[in-house]
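A.B. asks: There's a structure below that I have some questions on.
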Amino acid sequence: MPVLSIDAESETGIPKSLSNEPPSETMEEIEHTCPQPRLTLTAPAPFADETSCQCQAPHEKLTIAQARLGTPVDRPVRVYADGIFDLFHSGHARALMQAKTLFPNSYLLVGVCSDDLTHKFKGFTVMNEAERYEALRHCRYVDEVIRDAPWTLTPEFLEKHKIDFVAHDDIPYSSAGSDDVYKHIKEAGMFVPTQRTEGISTSDIITRIVRDYDVYARRNLQRGYTAKELNVSFINEKKYRFQNQVDKMKEKVKNVEERSKEFVNKVEEKSHDLIQKWEEKSREFIGNFLELFGPDGAWKQMFQERSSRMLQALSPKQSPVSSPTRSRSPSRSPSPTFSWLPAKASPPSSPKAASASISSMSEGDEDEK
């Protein structure tokens, strides 16, 4: 809602009217011109020195209950969150999301400490301040980024940026000689707690890098970084490069083993198919063989037929005993028959029989003469 205010103060602290007219006691309505939260995320969040709050209306102090009810309606509730935000991760983003959603209409300002201040009170960072600024600008929950934020929040800083509430986790943050740098903010009723994300922090990430330093050094050497850039000694460089070569060989062997396993599996599948086909073919072959060469097979019948034909060809039938004689012509005399081989006489049983056979042979010769 519009706020009624008497004349604004001049640079010297003397009230004067907003116009050139002489001062009057009439009340003027001054509307808030505070920057509104980002609705379209088409560009990174602006820096505070580029778009500072130049609203002339008095910034009334709100309670947490009023802010949660959505008042005031004419301006957003300006919430401030600060930190180092080194190696920006999901824990940072979740904390900023909680700070942004604390109230219905919130404008989130994020303060990022510089390198000098961080190295003095906390320690060395992985990312420099310019990189950390840019990381915050590209977070969707951030409406404005304040560079070179103070380590301890002063009333002047809170008034300059018209901050209503400060969001941070409720764990006491001891630093710069104080048990809790947010103690005075809590006492003023301007502190709103957020919840930390367990299992993720910048220190955890750095611990992982230190623990697996050899692995990351070898990887970066393989990617082309020099030993000087990685602050690696000559001996360690040679060791890491040798280990990279060993890992390459292991990877090749692993690929060969996987391929061989795939090949063996394929061969087994094909062998099963071949065995099934061989079994089917063997059954078919055995069936055909039995049909041909079995006890009642066609080959036996064919063999019997052929053997009978061969027997007939080798042993033909004898001619009949009473064959008809040829008719002889009368002019021709029958050809004499000669007994080429004399009949084999049995040996005589006595001398008298031998002499009788000799006399008979001589008589036969005389008759032929």
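A.B. asks: Scan region 215-244 and report the pairs whose first residue is part of a helix (DSSP H, G or I) and whose second residue is of a type outside the set (D, E) and open to solvent by 70 Å² or more (accessible area, probe 1.4 Å), with Cβ atoms within less than 6 Å and a gap of 6+ or a chain change.
C.D. replies: Within 6 Å, the pairs are N244/Q222.
A.B. asks: While we're looking at this one, here's another question. Taking region 122-151 on its own, how many of its residues are polar (S, T, N, Q) and in contact with a strand residue (DSSP E or B) (Cβ under 7 Å, 6 or more places away or on another chain)?
C.D. replies: Keep residues of region 122-151 that are polar (S, T, N, Q), which gives 125, 128.
Cutting the leftovers down to in contact with a strand residue (DSSP E or B) (Cβ under 7 Å, 6 or more places away or on another chain) gives us none.
Selection size over region 122-151: 0.
A.B. asks: Being aliphatic (A, V, I, L, M) and in contact with a Ser or Thr (Cβ under 9 Å, 6 or more places away or on another chain) narrows it down to one of L69, L62, so name that one. It would help to see each step written out before you state the result.
C.D. replies: Numbers: L69 fails: in contact with a Ser or Thr (Cβ under 9 Å, 6 or more places away or on another chain).
Exactly one of L69, L62 is aliphatic (A, V, I, L, M) and in contact with a Ser or Thr (Cβ under 9 Å, 6 or more places away or on another chain), namely L62.
A.B. asks: Only one of (1) open to solvent by less than 90 Å² (accessible area, probe 1.4 Å); (2) in contact (Cβ under 8 Å) with a residue 12 or more places away in the chain is not met by V253, so which one is it?
C.D. replies: (2)
A.B. asks: Considering each of V166, V142 in turn, give the residue that is in contact with a helix residue (DSSP H, G or I) (Cβ under 6 Å, 6 or more places away or on another chain) and part of a strand (DSSP E or B). First the steps, then the outcome.
C.D. replies: Details: V142 fails: part of a strand (DSSP E or B).
Result: V166 is the single residue among V166, V142 that is in contact with a helix residue (DSSP H, G or I) (Cβ under 6 Å, 6 or more places away or on another chain) and part of a strand (DSSP E or B).
A.B. asks: Which of the residues that make up region 188-211 are outside any loop (DSSP other than H, G, I, E, B), of a type in the set (A, V, I, L, M, F, W, C) and in contact (Cβ under 8 Å) with a residue 12 or more places away in the chain? Outline the logic, then answer.
C.D. replies: First, the residues of region 188-211 that are outside any loop (DSSP other than H, G, I, E, B): 191-194, 202-211.
Those still in the list that are of a type in the set (A, V, I, L, M, F, W, C) too: 191-192, 205-206, 209-210.
Selection gives F191, V192, I205, I206.
A.B. asks: Can you find a residue that is under 30 Å from V166 (Cβ atoms), at pLDDT 85 or above, among the polar types (S, T, N, Q) and not assigned by the TED database to the domain that holds D169 anywhere in region 205-228?
C.D. replies: Applying the first criterion (under 30 Å from V166 (Cβ atoms)) to region 205-228 yields 205-207.
If we keep only those that are at pLDDT 85 or above as well, we get 205-207.
Now restrict to residues that are among the polar types (S, T, N, Q): 207.
Of the ones still in play, those that are also not assigned by the TED database to the domain that holds D169 are 207.
Yes: region 205-228 contains one or more residues that are under 30 Å from V166 (Cβ atoms), at pLDDT 85 or above, among the polar types (S, T, N, Q) and not assigned by the TED database to the domain that holds D169.
A.B. asks: Let me ask something else about it. Any residue in region 147-157 that is open to solvent by less than 70 Å² (accessible area, probe 1.4 Å), assigned to a helix (DSSP H, G or I) and assigned by the TED database to the domain that holds S106? Before the answer, list the steps.
C.D. replies: If we filter region 147-157 for residues that are open to solvent by less than 70 Å² (accessible area, probe 1.4 Å), which is where we start, we get 149-154, 157.
Narrowing further to those that are assigned to a helix (DSSP H, G or I): 157.
Subsequent filtering for residues that are assigned by the TED database to the domain that holds S106 retains 157.
Within region 147-157, one or more residues are open to solvent by less than 70 Å² (accessible area, probe 1.4 Å), assigned to a helix (DSSP H, G or I) and assigned by the TED database to the domain that holds S106.
A.B. asks: If you don't mind, another one. Look through region 77-99, keep the residues that are over 19 Å from F157 (Cβ atoms) and open to solvent by less than 20 Å² (accessible area, probe 1.4 Å), and return whichever of them is farthest from the chain's Cα centre (by Cα). Please lay out each step first, then the result.
C.D. replies: Pass one, region 77-99, residues over 19 Å from F157 (Cβ atoms): 86-98.
Now drop any that are not open to solvent by less than 20 Å² (accessible area, probe 1.4 Å), which leaves 86, 91, 96.
Details: D86: 30, G91: 27, L96: 33 Å.
For region 77-99, the residue satisfying everything is L96.
A.B. asks: Out of the residues in region 102-129 that are in contact (Cβ under 8 Å) with a residue 40 or more places away in the chain and among the polar types (S, T, N, Q), state the one that is most open to solvent (accessible area, probe 1.4 Å).
C.D. replies: N105
A.B. asks: Still on this structure, please answer the following. On the given criteria, is T40 open to solvent by 60 Å² or more (accessible area, probe 1.4 Å) and at pLDDT 70 or above? Write out each step before concluding.
C.D. replies: On the way: open to solvent by 60 Å² or more (accessible area, probe 1.4 Å): yes; at pLDDT 70 or above: yes.
Against the criterion (open to solvent by 60 Å² or more (accessible area, probe 1.4 Å) and at pLDDT 70 or above), T40 qualifies.
The values are calculated or read from the model by the stated rules, or taken from the named source; none is laboratory data. Please read all numbers here as calculations on a predicted model, not as lab measurements. In this analysis, Cβ positions are derived from the backbone assuming ideal geometry, glycine residues included, and neighbour counts consider all displayed protein chains. Side chains included, ligands, DNA and RNA excluded: accessible areas come from the protein's heavy atoms. Shrake-Rupley method; radii C 1.70, N 1.55, O 1.52, S 1.80 Å.
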